[in-house]
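Colleague: Please see the structure below; I have some questions.
The values are calculated or read from the model by the stated rules, or taken from the named source; none is laboratory data. Predicted, not measured: the structure shown is a model, and the values here were computed from it. Here Cβ is always computed from backbone atoms with ideal geometry, including for glycine, and neighbour counts include all displayed protein chains. The area values use the complete protein model at the heavy-atom level, side chains included, leaving out ligands, DNA and RNA. Shrake-Rupley method; radii C 1.70, N 1.55, O 1.52, S 1.80 Å.
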Amino acid sequence: MILKGEIEALAKYIDKGHGDEMADHDPSSTGIIAKLRSFNTEDVRASIERANETSKSWARYPAPKRGQILLKSGELMESEKEKIAELMTLEEGKTLKDSMLEVERSAFTLKFYGAIAYKYGGKTLPSADTDTMIMTVREPLGTVSLITPWNFPLSIPVWKIGPALASGNAVIIKPASKTPLIVAKMIEILRRAGLPDEVVQLVVGSGKEIGTELVVNDHIKAVSFTGSVSVGHEIYEKVGHKRVMTRVQLELGGKNALYVDKDSNLSKAAEFTIRGGFGLTGQSCTATSRLLVHETVYETLRAKILERLKTWRTGSGMSKTVDMGPVVDEEQLKTDLEYIRDGEAEGAKIIHGGSERPKGLFLGPVLFEGVTPDMKIFREEIFGPVLAITLVGGVEEAIDACNSVVYGHTAGIISDNNTVINRFIAGVDAGVIKVNKPTVGLELQAPFGAFKGSGANTWKEMGEDALDFYTKEKTTYLGW
Ligand code: NDP
């Protein structure tokens, strides 16, 4: 059980700014968990300076030793997983079960990058000259900014910081203002595992106010951002005006579709629809927000989904019996409710939930049928537990529907027909395709990066590929 004193100690750990006071809320009770002092731009600048001063010595630190720190921090995180999961549920609202999965996965991610630090390097190539060998080495960029969202408050910071540190970069990290404590916990663990204090600088505060410095400061050689499309575009534009070349990695929103084919296991389809649409309160970039169903199987699938929803529980994430926690805050709830009203106004029909004003932030699953591709709830990211159902006549129509939105994050298909599956994989323009699986759930060893308007379409995150973003490859011609 996480104690009040431990939360206060963590809050003190990051309470180093000179900006406005900011409050960290529990979405289930809407009560305040901790009050912190934001960083102002001067504080951010000073943090960047501190990180930058250590960047050279950290780059020279032997890679296997950097790996050992990450391996050790993975172990420490695992040994405290119950407490960290509780802190996550308190701050973000997701169920304890989902928090636990995220903490376990984050601990493995740290270990994964710890092990990779031992082996990641360049390559050797043959030369056309008999007295020459060509080799490449991968060097760190220097100081990098990581800007992260609240919905995976630990795993996203970890999957960025792991490769950034393994490859020898100094880091400035700014977590979402809704979830700063969990990132403070991650850094406390990294330092306990042996990371020199100054190598990672945590800055907290409103992205609108301090975000610019994290991007435009000349010491920053790369920005890895996960969050909304609008902020992603803003960052891209700011980087474009810099004197210093700066890499940008953007992972943004999505409007992911799951297609249920006529030849498919409909019980599996119903289960995956619900898990993808309503698990994590639909607040996941890989969430299923559109369900495309072959018209011949819709009635059966509809009945199965509605039957399963009868036992689906929404409530405080701290309760072991709930399937889904609250929406993260009032602002997100307002957005969800506006989209629900839009859906009704545009002629779609609610077949589950959504009719009453929710108690607190507990919205619960909302299911629309009769959704057409021109409707807002079909085209725009809601980032809540609202699922739009559209009927299609076959896989070609499903592919067109998937591709008709500006996003290209994730898409899924449930089918037992290999020809249909292969056609779907080839036809859909999305960074991740899931076959006979829910759209949510990514494995840490596999590269991940969205297409089209869902990202910058540059470097991948996760897996070994993630280190490419944080390194530059130097080519040497070695003659004798
Ligand atoms: P935001 O874009 O609002 O915020 C993300 C981060 O950016 C926060 O730390 C925020 O700080 C900061 N920020 C806000 N404004 C600026 C700015 N002007 N300059 C620099 N940084 C800024 O997104 P949310 O946190 O609301 O996250 C939800 C979004 O993230 C959804 O669109 C979702 O699809 C996307 N997402 C994408 C994922 C992916 O892998 N593609 C994964 C998870 C989420 P502050 O909190 O202080 O506002």
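Colleague: Given the criteria of a type in the set (Asp, Glu), in contact with a strand residue (DSSP E or B) (Cβ under 9 Å, 6 or more places away or on another chain) and in a helix (DSSP H, G or I), does Glu86 qualify?
Modeller: Spelling it out, it is not the case that Glu86 is of a type in the set (Asp, Glu), in contact with a strand residue (DSSP E or B) (Cβ under 9 Å, 6 or more places away or on another chain) and in a helix (DSSP H, G or I).
Colleague: Given the criteria aliphatic (A, V, I, L, M) and open to solvent by 40 Å² or more (accessible area, probe 1.4 Å), does Val216 qualify?
Modeller: It is true that Val216 is aliphatic (A, V, I, L, M) and open to solvent by 40 Å² or more (accessible area, probe 1.4 Å).
Colleague: Among the residues of the stretch 149-194, write down those that are in contact (Cβ under 8 Å) with a residue 24 or more places away in the chain and among the charged types (D, E, K, R).
Modeller: Within the stretch 149-194, Lys160, Lys174, Lys178, Lys185, Glu188, Arg192 qualify.
Colleague: Give the residues of the stretch 251-272 that are within 8 Å of the ligand (Cβ to nearest atom) and not in a loop (DSSP other than H, G, I, E, B), sorted by residue number.
Modeller: Passing the criteria: only Glu251.
Colleague: Kindly indicate whether Lys208 is among the charged types (D, E, K, R), surrounded by fewer than 24 Cβ atoms within 10 Å (Cβ to Cβ) and not in a helix (DSSP H, G or I).
Modeller: Considered against the rule, which asks whether it is among the charged types (D, E, K, R), surrounded by fewer than 24 Cβ atoms within 10 Å (Cβ to Cβ) and not in a helix (DSSP H, G or I), Lys208 comes out as no.
Colleague: Here's another thing I want to ask about it. Considering only the stretch 183-207, how many residues are farther than 30 Å from Pro64 by Cβ and touching a helix residue (DSSP H, G or I) at 6+ places or on another chain (Cβ under 9 Å)?
Modeller: Of the residues in that region, 3 qualify.
Colleague: Filter the stretch 5-35 for residues that are among the charged types (D, E, K, R) and in a helix (DSSP H, G or I) and give the result.
Modeller: Glu6, Glu8, Lys12
Colleague: Another question, if that's okay. Are there any helices (runs of 4 or more DSSP H) wholly within the stretch 353-465 with 1 or more residues that are under 22 Å from Gly227 (Cβ atoms), and if so which?
Modeller: So the answer is 376-379.
Colleague: While we're looking at this one, here's another question. Given the options Lys310, Lys304, Lys320, name the one that is among the basic types (Lys, Arg) and modelled with pLDDT under 95.
Modeller: Of Lys310, Lys304, Lys320, the one residue that is among the basic types (Lys, Arg) and modelled with pLDDT under 95 is Lys320.
Colleague: Give me the residue from the stretch 220-250 that is part of a loop (DSSP other than H, G, I, E, B) and of a type in the set (S, T, N, Q) and, out of that set, surrounded by the fewest Cβ atoms within 10 Å (Cβ to Cβ).
Modeller: Ser228
Colleague: A further question on this structure: Within the group Glu461, Glu443, which residue is surrounded by fewer than 20 Cβ atoms within 10 Å (Cβ to Cβ) and at pLDDT 95 or above?
Modeller: Being surrounded by fewer than 20 Cβ atoms within 10 Å (Cβ to Cβ) and at pLDDT 95 or above holds for just one of Glu461, Glu443, which is Glu443.
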